[in-house]
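Chemist: Please see the structure below; I have some questions.
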Amino acid sequence: MMEKDIQILAIESSCDETAAAVVKNGREVLSNVIYSQIALHTEYGGVVPEIASRKHIEKINQVIEQALSEAGRKLDEMDAIAVTYGPGLVVSGGHSHLVIVKDYGEYEIIGRTRDDAAGEAFDKVARAIGLGYPGGPKIDKVSREGDPNAIHFPRAKVGDAEYDFSFSGLKSAVLNYLNSCQMKGEEIRTADVAASFQSAVIDVLVEHSMNAVHKYGYQKFAIAGGVASNSGLRSAFEKACEKEKVSFYHPSPVYCTDNAAMIGTAAYYEYLKGVRHGLDLNAVPNLKLGERA
Ligand code: KG4
């Protein structure tokens, strides 16, 4: 007998994107609608939570209707509605995690950032070199015209924890470099600063990840989160994984930054495990990866 299809309407509104998707059996994305508020927050140089939450309320019904209509489905055909209620991506604006994925929804974090997340460092450095918000994509683009070896920025190691990250020293090194150029009246080559900074982030992420792959003997490596859409990072991981003979999995960029399709996929496996919540479910800003409310 054919198993019944499970169709999930997923909603993601944890930051500055209002997104809804319809996902069938955890794998088939029937629609993936993303309303980005980025333009709205650009003039403030970052996400303003109060504005973000108002805009979510304004847009959510329209985004959901569009997701259902693009999927050719009605609300009452949905088996479940899934919502983001906690943070969790790796290499994103809020996290830089190195994670062993044991099963769907079962994670062991073996490395984390001690201070800034990788995306946060991208955003702060972009602001400092005048590229503005959102920093990651802008640094990514400008870096293509710069020399990644022009300036040597530090590749921080966290002494007692091999897989942990620290990006705040790198950010300070960039700020110091900019100050010293200004004091000496030297020209600041934005593309070189961007490319050299990006290369420092990439080196650290790749080195820690490949060390972990080696030590634990894994054959598969995947990246996720906003920074995972960085073109330099993707090609560096491609090369490193090829060298290590490890399969490399990278979602297309639209599935790296905030989107509801990933929520629909994660929710499918939760649904199969029988996890359900009531309408009183609230957001848990400090929820740990793999934990449930
Ligand atoms: O996962 P994500 O969309 O959302 C949250 O963390 O909420 O990640 C957003 C982060 C931002 O810091 C943004 O600057 C960074 O991902 N990002 C990038 C790129 N695209 C987005 N960083 C580097 N290169 C990119 N192409």
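Chemist: Taking a temperature of 25 °C and a viscosity of 0.890 mPa s, what whole-number D in µm²/s does Stokes-Einstein yield for the range 1-133 with Rh from Kirkwood over alpha carbon pairs? Kindly include the intermediate steps, with their values, before the conclusion.
Modeler: Details: Rh = 17.0 Å.
For these conditions, the coefficient is 144 µm²/s.
Chemist: Quick check: at a probe of 1.4 Å, how many percent of the accessible area of the chain sits on carbon and sulfur atoms? Mind dumping the intermediate values first?
Modeler: On the way: 8120 of 15670 Å².
For the chain, the apolar C and S fraction of the accessible surface comes to 52 percent.
Chemist: OK, next. Under the definition of Cα pairs under 8 Å and six or more residues apart, what whole-number percent is the relative contact order of the chain?
Modeler: Working: 533 pairs, mean separation 68.7, N = 293.
Answer for the chain is 23 percent.
Chemist: Would you tally the net charge around residue 122, using a Cβ to Cβ cut-off of less than 9 Å, leaving residue 122 out, and scoring K and R as +1, D and E as -1?
Modeler: With Lys, Arg at +1 and Asp, Glu at -1, the net is -1.
Chemist: Also, I was wondering about something else. So what is the calculated 222 nm ellipticity per residue for the chain, using -39500 (n - 2.57) for each DSSP H run with n of 4 or more, over all residues, to the nearest 500 deg cm²/dmol?
Modeler: On the way: 9 runs with 122 residues, N = 293.
For the chain, the value works out to -13500 deg cm²/dmol.
Chemist: If you don't mind, there's one more thing I want to ask. Going through the range 1-32, which GluC sites (Glu not before Pro) have at most 12 other Cβ atoms within 10 Å and a DSSP loop state?
Modeler: Details: sites: 3, 12, 17, 28; in loops: 3.
Those that pass, being in a loop and sparsely packed, are 3.
Chemist: Which GluC sites (Glu not before Pro) in the range 160-222 sit in a loop by DSSP (not H, G, I, E or B) and have at most 11 other Cβ atoms within 10 Å of their own Cβ? All intermediate terms of the calculation are to be shown ahead of the outcome.
Modeler: Numbers: sites: 162, 186, 187, 207; in loops: 162, 186, 187.
Listed in order of number, the matching sites are 186, 187.
Chemist: Then there's this: Over the chain, what is the percentage of antiparallel beta bridges among all DSSP beta bridges, to the nearest 5?
Modeler: On the way: 19 of 27 bridges.
Expressed as a percentage, antiparallel bridges in the chain total about 70.
Chemist: Which of 51, 91, 129 sits closest to the plus end of the dipole of the range 32-139, meaning its Cα is farthest towards the positive end, when Lys and Arg get +1 and Asp and Glu get -1 on the C-beta?
Modeler: About the Cα centre, the residue reaching furthest to the positive side is 129.
Chemist: Just add up the charged neighbours of residue 274: K/R +1, D/E -1, any other residue whose Cβ is under 14 Å from the Cβ of residue 274.
Modeler: Details: positive: 273, 276, 292; negative: 79, 270.
Combined, the nearby Lys, Arg, Asp and Glu give +1.
Chemist: Let me ask something else about it. Taking only protein heavy atoms into account and a 1.4 Å probe, give the accessible area per residue of the chain in Å². Write out the running numbers ahead of the final one.
Modeler: On the way: 15670 Å² over 293 residues.
Counting only protein heavy atoms, the per-residue value for the chain is 53 Å².
The values are calculated or read from the model by the stated rules, or taken from the named source; none is laboratory data. On a predicted model such as this, the values are computed, not experimentally measured, just so you know. Heads up, the Cβs are rebuilt from the backbone with ideal geometry, glycines too, and the neighbour counts pull from every protein chain shown. For accessibility, only protein heavy atoms count, side chains too; no ligands or nucleic acids. Shrake-Rupley method; radii C 1.70, N 1.55, O 1.52, S 1.80 Å.
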